[in-house]
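Here is the structure we will look at, set down as structure tokens.
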Amino acid sequence: MRVLHVGATGVIGKAVAEALGSRHEVVRVGNTRGDYQVDIASKDSIERLYQAVGSFDAVIATAGSARFGDIGKLSDDDFRSSLANKLMGQINLVRCGVAHIRDGGSFTLTSGLFGREPASGTAALSLVNAALEGFVRAAALDMPRGTRINVVAPPWVAETLAAMGRDPSRGMPAARVALAYVQSLEGTRNGAVFDARVFA
Ligand SMILES: NC(=O)c1ccc[n+]([C@@H]2O[C@H](COP(=O)([O-])OP(=O)(O)OC[C@H]3O[C@@H](n4cnc5c(N)ncnc54)[C@H](OP(=O)(O)O)[C@@H]3O)[C@@H](O)[C@H]2O)c1
């Protein structure tokens, strides 16, 4: 399959590319790196990406940021940015991409466990993750031409915790998180929320 992978240059993205191996042709898309660049917060940028890359069988998105912060400290801009980037960025990858994806293709988005297992300081992030999962469950019912859509919910990634100076043993190695993306791409599920811990 020809896979358009947005976020391929990130921590989870690199592990997904490794897990896909040579079974698929992966087009690596980043914000500043990769074969192509896109800003998912801009619908125009997404449209330009789809025009540039040609046809493909699948989109994997391991991109999108949302802001951490105590509910009393999160600003309007924190909410606006979280919704525009991680939430609408991925939703617009799907809305714009359905016109370009081949019959029977798939979209795999990324949420996060905070959507269902929140912690203090994650109100904006939990909002975005839960919304993504709701979007995927419902959008799956409308997907045209045999196309599918799923979302992967990773827990804390060990490499990310290490980079933050925190205990990596409290997270899951990116290579194990990547297995859920492979399952979404190569399997037949539609409308599924893949808890990455189940596939590890
Ligand atoms: N890491 C974790 O512990 C963890 C846990 C749960 C959920 N998640 C979610 O998993 C996703 C990936 O996380 P990660 O840790 O792998 O992130 P990361 O290492 O920071 O990588 C982010 C990736 O997204 C790209 N990117 C950044 N801003 C973008 C934009 N505006 N438009 C398009 N692409 C953009 C980056 O491209 P460049 O390299 O070119 O900048 C890079 O490929 C995020 O949605 C995150 O919320 C992560």
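The values are calculated or read from the model by the stated rules, or taken from the named source; none is laboratory data. Remember, predicted model here, so these are calculated numbers, not experimental data. Note that each Cβ is placed from the backbone with ideal geometry, even for glycine, and that neighbours are counted across all protein chains shown. All accessible areas refer to the heavy atoms of the entire protein, side chains included, with ligands and DNA or RNA removed. Shrake-Rupley method; radii C 1.70, N 1.55, O 1.52, S 1.80 Å.
Brief remarks follow.
- Scanning the stretch 145-181 for residues that are small (G, A, S) and assigned to a strand (DSSP E or B) yields a single hit, A153.
Residue by residue, here is whether (1) within 12 Å of the ligand (Cβ to nearest atom); (2) farther than 26 Å from D76 by Cα; (3) open to solvent by 10 Å² or more (accessible area, probe 1.4 Å); (4) modelled with pLDDT of 95 or more holds:
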| site | (1), (2), (3), (4) |
| --- | --- |
| M88 | yes, no, yes, yes |
| I91 | no, no, yes, yes |
| D103 | no, yes, yes, yes |
| S106 | no, yes, no, yes |
| T122 | yes, no, no, yes |
| S126 | yes, no, yes, yes |
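- Some residue of the stretch 130-144 being away from the ligand (no atom under 11 Å from the Cβ) and in a loop (DSSP other than H, G, I, E, B): yes
- Every condition in (1) of a type in the set (K, R); (2) at pLDDT below 95; (3) more than 16 Å from the ligand (Cβ to nearest atom) holds for R116 except the one numbered (3).
- Condition met for S184 (touching a Gly at 6+ places or on another chain (Cβ under 7 Å) and in a helix (DSSP H, G or I)): no
- If you go through the stretch 31-86 and keep only what is near the ligand (Cβ under 10 Å from one of its atoms) and on the phi > 0 side of the Ramachandran plot, you end up with G34, G64.
- Matching residues, the stretch 24-77, being open to solvent by 30 Å² or more (accessible area, probe 1.4 Å) and either β-branched (V, I, T) or in a helix (DSSP H, G or I) (or both): V26, T32, K43, D44, E47, R48, Q51, A52, I71, D76, D77
- Tabulated pairs, the stretch 145-159, first at positive phi, second assigned to a strand (DSSP E or B) and more than 14 Å from the ligand (Cβ to nearest atom), C-beta under 9 angstrom, 6+ apart or interchain: R145/I101; R145/R102; R145/D103; R145/G104; R145/G105; G146/D103; G146/G104; G146/G105
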